[in-house]
Structure formats: C-alpha cells, structure tokens
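One structure is given below, encoded as structure tokens.
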Amino acid sequence: MSAATPEVPAALQVPTRRVGAAWITALVIVHIGINIGFFAPIQVLLGLHAQQLDASQKNAILSLVTGVGAAVSLVANPLFGALSDRSTSKFGRRIPWVFFGTICAALALLLMSTAQTVSMLVLGWALMQAAGNAALAAIFAAIPDKVPVDQRGMVGGLVALGQTMGALVGAVIGMVAAQNLVFGYAIVATAVALCSIPYVMMRQDVPLPKGALEPLTVLDFLKSFWINPLKHKDFGWAWLTRFMLYLGCQLCLVYLLYFLQDAVRYPDPAQGVLILTAVYAICVIFSSVISGKLSDKDGKRKKYVIISSLIVAAAALTMSVASTFPMAIAAAALLGIGFGSYLAVDLALLTQVLPFADSRGKDLGMINIANSLPQVVAPLIAWLSVTWFGGYPTLFITSAVISLIGAVLVRLIKNVP
C-alpha cells in the first residue's frame, strides 16, 4: 500500500473562494498608504529637498538618493517576501510584515524630515525603502494567497487604482508642503501608518502551521532566490517584460519636476506635477478597472499587456516633443491609459506564472525587482540623457524604445493566453 499523500496546508493551496468587498477595500487602502510613502517623496519632496540642500547639484543629489533607495529595495522586497512565506505567526504570514513595515516606514520618513545633509537624506530614504518594501512584498503576496485566478484581473485593477490614488495624494501633499518639507514628511508618515490598520484589524490571513515547510539552512535560503529562467521560461519572460515597461515609465517620471521647470517652463512646477498626476490618475483608474474585468471575462492577458505597452511608448514620444503644458497633459493621459491597463492585467498574469505555491512572497519579490531595478537604472540614464546626450527629447525617445521592446517580449510567454 502506498503512503498517503500529505495534506497541503490551507495557506499553500490555490484559492477557489472569491474574496469579498471588505477584504479588497482593505487591500486597496494598504496600497494607497504605501504608495503615498513612495511617491510623495519621489515626485516632489525629494526634488525640493535636493534643491534646498544644493540647488546647483540638484540633479545629481536626486539621482543619488533615488538610486540608493532603489538599490535597497532590490534586496528588501524578495528578502522580506521570503521571510513572510515562512512566517508562522498566529496572525498569518503577511499581516505582521504589513504592520511593522508600515510603522518603520513612517519612522524613516520622520527621520528624513530632519535631514540637513545629503548623507542623512540618503540614509532616511534607504530605510524608508527597506521598510516600505517589507510591507509591499507581504501585501502583494496576499493576492495569490487569497484571490482565485478568475478574480485576479479585477483585483489587480483595483490595486492599480490604489497605487494611483497613492501617487495622486502624494502629489497633493507635495504641492501643499512645497514650502514646509517637515510638515510634508509628517503627513506622509501618518498616512503610511494609518492605511495599514483596516487590513491588519480584519485578520483574514491564513496562518501557516509550524513545521509545514522544511527548515532551511542559510545557504539553502540564499540559493532559493535563484529561479532558473531556462527552466521557468514564462516566469523569466514575465520578469523581463515588466522590467522594460517599468523602466520606460520611470524614465518619463524621474525628472518630471525639473522637466516642467526647465523645459516647459511652467511657472509652478510642483503644481504642474499635481495637475499631470491628477490627469494620469483619472486615466489609470478608468483603464485599469476596465482592462482587469475584460481580461477576467475573456481569460486573455497578453494582448492587453502588449496594447498597454504600445500606449506607454506613444506617451513617451509625445513628451519628447512637448514644449507646452497642454502637450504634457496629453502625454500624461496616454501614460495613464497605458500604464493603468498594464498594471491591472500584468499583475494577474504574473500570479499565473509563479513557480512554487510555498514561496509566493519570495517569487513576487523577485518579480518586484523588475519594478525597483528601473529606479536604480533610470536616474543614471536620465542624467546622461539630459546632461550629455541631447536633453529631455533623448530621454523620452529612449523611454519609448524600451517600452516597445517590452511589447515584443511579452509574446514569448507561452502558458498564459
């Protein structure tokens, strides 16, 4: 008689029960808070802070701060995702990391508010990226933990809505706090901490029983971060296409404040960032929710990703010739339509190519490197483009080319329609 097959713990099973509106709402609120924490500094506060520290070196300082922060996130996201995979807290695998990650991120933002030197600003942003990515890795992993495949496009669309609302609120905070950075950082810190409360209080994570996973040595743990792209080809192509599109989008955003100030010559650049972010946000909300539902309905993912990549490229080309604020608004609308559709559908696609059920957090963390690595690469490309190779038109044309390459590569994913 053959031995009985061990029962798979509930925490590792593929979910089949649809999630309710309350849980989805709490999930979205967490994303709003975390993205306020990321985008208020990236869009406005860090740029103004760099300018305050040394106006003549503002581009270099901003590139240094954002580049170091992104490098930290490259390690933090998969590391904390892997740790959450193996957490056996009675509150579940993800809740403790969401809670402590957002609290520590808030404290890091308060530290940044006191920065009087470039090194202190770099340190504060690095700590913020580490803590914020701990929470982000856990909350992303909650989606394949809880959401059935045929609901993931819709949930992905609402998560994209949350990310966009976070960026929009971040831009509002940046504009309001343009003359008082300490106040701005304090408001952002408060939002990051408070937005995790509904998700934490619901306590709907499924705990992982102690001993359900084999113990790992430190060496085995480190080896687990390598996912062979030749063996798991769909995962590898999905990673690369995400990297290309995020890089294309990041190149459009990294110097947005300075683009409005130096190229478009908009009289109030912080206000201009808010207006463009609002246009972008409205278009993301519209396109992400619709695209997510459509992809759930017809079961297709790749065609929406390809179309959205083409629209992002069109947005970058529009920015390359934009000399007036109305043209910048048109580019923001295109970028919102394209990236909103992409965020919704690609998240659903990614959850369908994860190699292992017992390491969703770590595997999504590896995918999230494709989100973070562009933040390391983009500041360097942007600085070289603007300073040495033709200015802002070169920067945005490069963005368009990279986005087009991403559209081509997604066709190589075979096991997702």
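The values are calculated or read from the model by the stated rules, or taken from the named source; none is laboratory data. Small disclaimer: the values here were computed from a predicted structure and weren't measured. Cβ placement follows ideal geometry from the backbone for every residue including glycine, while neighbour counts extend to all protein chains displayed. Each accessible area value is taken on the protein alone, full model and side chains, heavy atoms only, with ligands, DNA and RNA left out. Shrake-Rupley method; radii C 1.70, N 1.55, O 1.52, S 1.80 Å.
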Subject >> Filtered residue count, the stretch 267-278, keeping only those that are open to solvent by 40 Å² or more (accessible area, probe 1.4 Å) and either in contact with a Cys (Cβ under 8 Å, 6 or more places away or on another chain) or among the hydrophobic types (A, V, I, L, M, F, W, C) (or both) >> reply: 1
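Could you check, for the stretch 200-210, whether at least one of its residues is surrounded by 15 or more Cβ atoms within 10 Å (Cβ to Cβ) and either touching a strand residue (DSSP E or B) at 6+ places or on another chain (Cβ under 9 Å) or among the small types (Gly, Ala, Ser) (or both)?
Within the stretch 200-210, the first condition is being surrounded by 15 or more Cβ atoms within 10 Å (Cβ to Cβ), and the residues that meet it are 200, 204-208.
Of the ones still in play, those that are also either touching a strand residue (DSSP E or B) at 6+ places or on another chain (Cβ under 9 Å) or among the small types (Gly, Ala, Ser) (or both) are none.
Taking every residue of the stretch 200-210 in turn, none turns out to be surrounded by 15 or more Cβ atoms within 10 Å (Cβ to Cβ) and either touching a strand residue (DSSP E or B) at 6+ places or on another chain (Cβ under 9 Å) or among the small types (Gly, Ala, Ser) (or both).
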Original post:
Hey, among the residues in the stretch 248-266 that are surrounded by 24 or more Cβ atoms within 10 Å (Cβ to Cβ) and outside any helix (DSSP H, G or I), which one's modelled with the lowest pLDDT?
Top reply: VAL254
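Can you tell me which residue is nearest to PRO15 (Cα to Cα) among those in the stretch 345-359 that are in a helix (DSSP H, G or I) and at pLDDT below 80? Spell out the reasoning first.
Step one: of the stretch 345-359, the residues in a helix (DSSP H, G or I) are 345-351, 357-359.
Narrowing further to those that are at pLDDT below 80: 347, 357-358.
Working: LEU347: 16, ALA357: 11, ASP358: 13 Å.
Within the stretch 345-359, the match that is nearest to PRO15 (Cα to Cα) is ALA357.
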Subject >> Among residues of the stretch 77-101, those that are among the hydrophobic types (A, V, I, L, M, F, W, C) and either in contact with a strand residue (DSSP E or B) (Cβ under 8 Å, 6 or more places away or on another chain) or closer than 18 Å to GLY37 by Cβ (or both), counted >> reply: 5
Subject >> Candidate set from the stretch 40-78 (those that are of a type in the set (Ser, Thr, Tyr) and under 19 Å from the mean Cα position of the chain (by Cα)); member that is farthest from ALA278 (Cα to Cα) >> reply: SER73
Original post:
If only one of ALA322, ALA328 is within 23 Å of ILE42 (Cβ to Cβ), out of contact with any strand residue (DSSP E or B) (no Cβ under 8 Å at 6 or more places or on another chain), small (Gly, Ala, Ser) and not in a helix (DSSP H, G or I), which one is it?
Top reply: ALA322
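Tell me the residue from THR217, THR241 that is of a type in the set (Ser, Thr, Tyr) and open to solvent by 70 Å² or more (accessible area, probe 1.4 Å), please. Before the answer, list the steps.
Numbers: THR241 fails: open to solvent by 70 Å² or more (accessible area, probe 1.4 Å).
Of the residues listed, the single one that is of a type in the set (Ser, Thr, Tyr) and open to solvent by 70 Å² or more (accessible area, probe 1.4 Å) is THR217.
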**OP:** Of the conditions (1) in contact (Cβ under 8 Å) with a residue 24 or more places away in the chain; (2) over 23 Å from GLY292 (Cβ atoms); (3) open to solvent by less than 10 Å² (accessible area, probe 1.4 Å); (4) not β-branched (Val, Ile, Thr), SER113 clears all except one; give me its number.
**Re:** (3)
**OP:** Could you name every one of the helices (runs of 4 or more DSSP H) located completely within the stretch 168-224 that has at least 1 residues being among the polar types (S, T, N, Q)?
**Re:** 181-194
**OP:** Filter the stretch 371-393 for residues that are of a type in the set (Ser, Thr, Tyr), touching a Leu at 6+ places or on another chain (Cβ under 9 Å) and either surrounded by fewer than 21 Cβ atoms within 10 Å (Cβ to Cβ) or within 30 Å of ALA212 (Cβ to Cβ) (or both) and give the result.
**Re:** SER372
Original post:
What number of residues within the stretch 64-89 are assigned to a helix (DSSP H, G or I), open to solvent by 20 Å² or more (accessible area, probe 1.4 Å) and not aromatic (Phe, Trp, Tyr)?
Top reply: 8
Original post:
Somewhere in the stretch 371-378, is a residue in a helix (DSSP H, G or I) and more than 21 Å from the chain's Cα centre (by Cα)?
Top reply: no
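Please verify whether THR190 is hydroxyl-bearing (Ser, Thr, Tyr), closer than 18 Å to PHE99 by Cα and open to solvent by 60 Å² or more (accessible area, probe 1.4 Å), treating the condition exactly as stated.
Working: hydroxyl-bearing (Ser, Thr, Tyr): yes; closer than 18 Å to PHE99 by Cα: yes; open to solvent by 60 Å² or more (accessible area, probe 1.4 Å): yes.
Yes.
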**OP:** Return the pairs, sorted by first residue and then second, in which the second residue is of a type in the set (Val, Ile, Thr), the first residue lies in the stretch 15-35 and is in a helix (DSSP H, G or I), the beta carbons are less than 6 Å apart, and the residues are 6+ apart or on different chains.
**Re:** VAL30/ILE139; HIS31/VAL159; GLY33/VAL192
Original post:
What residue, among those in the stretch 355-370 that are open to solvent by 10 Å² or more (accessible area, probe 1.4 Å) and of a type outside the set (D, E, K, R), is farthest from LEU240 (Cα to Cα)?
Top reply: ALA357
